[in-house]
1. Among the residues of the range B:122-131, are any buried (at least 22 other Cβ atoms within 10 Å of the Cβ) and part of a helix (DSSP H, G or I)?
2. Please go through the range B:139-159 and give me each residue that is farther than 15 Å from B:Phe391 by Cβ, assigned to a loop (DSSP other than H, G, I, E, B), touching a residue at least 12 places away in the same chain (Cβ under 8 Å) and not polar (S, T, N, Q), ordered by number.
3. In this structure, does B:Thr505 turn out to be under 30 Å from B:Ile56 (Cα atoms) and either surrounded by fewer than 16 Cβ atoms within 10 Å (Cβ to Cβ) or out of contact with any helix residue (DSSP H, G or I) (no Cβ under 6 Å at 6 or more places or on another chain) (or both)?
4. From the list B:Ile300, B:Ile291, which one is buried (at least 24 other Cβ atoms within 10 Å of the Cβ), closer than 28 Å to A:Leu10 by Cβ and touching a residue at least 40 places away in the same chain (Cβ under 8 Å)?
5. Among the residues of the range B:251-275, write down those that are buried (at least 24 other Cβ atoms within 10 Å of the Cβ) and in a helix (DSSP H, G or I).
6. Give me the residue from the range B:215-268 that is within 21 Å of B:Val303 (Cα to Cα) and without any contact (Cβ under 8 Å) to a residue 60 or more places away in the chain and, out of that set, nearest to the chain's Cα centre (by Cα).
7. Evaluate the following for A:Val27: is it farther than 30 Å from B:Gly39 by Cβ, at pLDDT 95 or above, surrounded by 15 or more Cβ atoms within 10 Å (Cβ to Cβ) and touching a helix residue (DSSP H, G or I) at 6+ places or on another chain (Cβ under 8 Å)?
Amino acid sequence: MNTSALVVMLSTITLVTGLMLYFFYRVVSAPPKPEPDSYLDNDDEIERQAPRA
Amino acid sequence: MSANKESWGSRVGLILAMAGNAVGLGNFLRFPVQAVQNGGGAFIIPYLICFLVMGIPLLWIEWSMGRFGGKFGHHSTPFIVDTMHRNRLWKYIGVFGIWTNIAVASYYCYLESWTLSYVFHSIGGTFAGLDQNGVSNFFNEYVSLGESTFGIPYEPIVFFVICLLLNTWILSQGLAKGVERVAKIGMPLLILFGIFLAYKGFTITAGEDGAINDSSVGLNFLWTPNFDELWSPTVWLAAAGQIFFTLSVGMGTVHCYASYVRSKDDIALNAMSAGWMNEFVEVVLGAAILIPISIGYLGIEGVTNLVNSQGGLGLGFRTLPYLFYQWGDVLGAVAGVMWFGLLFFAGITSSLAMGTPWIGFLQDEFNWRRKPAAWSFGLIVLMLGMPTVLFFKYGVFDEYDYWAGTVSLVVFALFESILFAWVFGMNKGWREITSGADIEVPSFYKYIIKFVTPLLLLWVFVGSLITPKGGDWAGAFANGWELDDSSIINKIKNTSLKRQLAEATDPEVIQQLQDTLFFVNASRTLLVAVFLSIALLVYIAYKKRVREGRI
């Protein structure tokens with residue numbers, strides 16, 4: 001490949017893949033929010049239960 | 001009260017469903033063609049800038065509008081936008097958010113059914129032993145409802161109905177058990193298939209398996225930047241247009257999915273995650289398959305001719321199945337299954353999203369349960385989609401695509417950006433975007449959303465309305481404005497068709513053109529009738545709300 005094409009391609013792929021992975025990592029590592037939240041699957045997770053008054 | 005008590009199963013599931021909504025056939029068939037036609041590697045600069053100043057803002061606008069409407073129990077755009085301002089006319093602008101989906105699903109499900117059929121034809125070895133013309137003729141025969149290799153009478157209709165049944169059944173299972181489950185299976189498989197085909201696209205060697213070029217030739221063709229093109233408004237218009245179609249903004253699907261998110265939960269990070277996932281599939285995977293493989297076997301000139309005559313759709317269906325068989329019968333079949341399987345997953349995750357606004361509307365306004373609402377969607381799409389199947393050669397498919405899948409998106413996005421930033425108000429809008437956010441949203445986006453995004457959308461709309469001949473903007477300003485046949489105004493006037501008709505001398509061609517003109521106008525009438533019918537339903541729903549004291 002010629003240099004300019006290689007530079008544009010590699011920098012684009014790195015940027016897009018990097019940001020995709022970064023934001024996805026942020027999603028999966030975000031601290032849990034107390035129930036009730038928008039999602040059904042975590043309804044029984046102990047750390048998500050709101051403290052009782 | 002609404003019968004709609006649905007929820008998403010998990011946050012990752014929602015993001016995959018939202019990314020699946022955005023990832024469509026255009027990621028693999030439209031983006032690479034747009035890139036090579038608009039400056040190669042330089043196209044990526046306006047493309048990414050448009051993503052940052054138009055794509056991301058629109059994602060945030062739509063996610064937050066959806067979540068805001070969901071607080072009031074609304075899951076479709078007419079009443080989501082109705083909650084944002086007291087002027088009751090806004091809900092009729094929201095009709096676009098249901099109409100677009102029904103109209104697009106009508107031809108998109110047909111397109112999706114081709115991919116399903118081609119998966120089975122790849123497994124059945126239909127393309128083995130066919131030359132390039134043979135594969136191309138198979139496609140012509142298929143869309144003309146000609147003879148089927150499988151011996152199934154009216155095979156395209158059968159696959160269309162199967163595809164619709166599958167979509168309807170999944171939709172009837174609900175958000176978490178239907179749509180989300182498909183996204184959780186479909187998206188990883190799509191990425192896996194894409195990585196395999198991208199690997200093949202990157203490793204073609206001249207002289208092996210009949211290849212005439214190394215991968216580098218195709219990659220150079222796609223990625224070498226032609227910076228002169230950066231100053232062309234046509235290139236920027238193409239980049240903005242591509243961002244639109246790839247993110248599925250301006251449709252009402254993002255609003256609908258987001259309306260099931262509670263107000264304390266994040267949308268800002270979710271939108272970024274789903275948006276960048278779509279960009280990964282488009283820019284990294286989409287760019288590594290169609291063009292490098294085609295150029296590897298057909299050369300630059302051959303591919304340029306094919307792209308100009310058939311576009312990405314033609315290249316994907318008429319040419320790639322033949323090229324895959326250059327790798328041998330087994331790998332050819334496997335690659336065919338992966339390519340059309342990938343397109344099928346890209347398609348179905350989008351078409352499922354198109355069903356949800358209609359279903360949400362019926363549940364919210366008329367207390368329909370999920371299952372009958374889903375089946376009503378399937379029935380409407382079947383009735384509206386049959387003309388695209390039966391009269392494909394008369395341009396019905398293209399008419400639906402142009403008005404519902406192209407123009408309507410820009411119009412609705414323009415209205416919603418003005419509503420959000422100027423009518424609802426940027427301060428309230430900003431609070432909606434940042435509420436519950438798991439990332440810090442850069443504050444300069446407040447100004448981008450308020451000024452840049454609506455202006456850019458206005459420019460895209462005006463640019464499409466009065467596109468100058470040949471895309472020559474400088475010439476048009478200097479020498480007078482002659483409209484291009486692709487401009488919305490000339491499309492409405494059927495300028496191109498009428499010119500062809502005036503120039504035609506062969507009676508058979510004249511008859512074909514007259515029939516096309518009839519079907520083009522009939523398609524538009526049908527689409528307008530559907531829009532007005534949905535607007536009437538919205539009016540009835542509004543009156544019902546007033547009677548019930550809900551407004």
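1. yes
2. B:Phe150, the sole residue that qualifies.
3. no
4. Of the residues listed, the single one that is buried (at least 24 other Cβ atoms within 10 Å of the Cβ), closer than 28 Å to A:Leu10 by Cβ and touching a residue at least 40 places away in the same chain (Cβ under 8 Å) is B:Ile291.
5. B:Thr253, B:Val254, B:His255, B:Cys256, B:Tyr257, B:Ala258, B:Asn270, B:Ala271, B:Met272, B:Ser273, B:Ala274, B:Gly275
6. For the range B:215-268, the residue satisfying everything is B:Asn220.
7. On the way: farther than 30 Å from B:Gly39 by Cβ: yes; at pLDDT 95 or above: yes; surrounded by 15 or more Cβ atoms within 10 Å (Cβ to Cβ): yes; touching a helix residue (DSSP H, G or I) at 6+ places or on another chain (Cβ under 8 Å): yes.
When the stated conditions are applied, A:Val27 passes them.
Residue-by-condition table, conditions (1) aromatic (Phe, Trp, Tyr); (2) free of Cβ contacts under 8 Å to residues at least 12 places away in the same chain:
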{"residue": "B:Ile449", "(1), (2)": "no, no"}
{"residue": "B:Phe461", "(1), (2)": "yes, no"}
{"residue": "B:Glu482", "(1), (2)": "no, no"}
{"residue": "B:Ser496", "(1), (2)": "no, yes"}
{"residue": "B:Val509", "(1), (2)": "no, yes"}
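The values are calculated or read from the model by the stated rules, or taken from the named source; none is laboratory data. All figures in this text were calculated on a predicted structure; none of them were measured in a lab. Glycine gets a Cβ as well: all are built from the backbone with ideal geometry, and neighbour counts include every protein chain shown.
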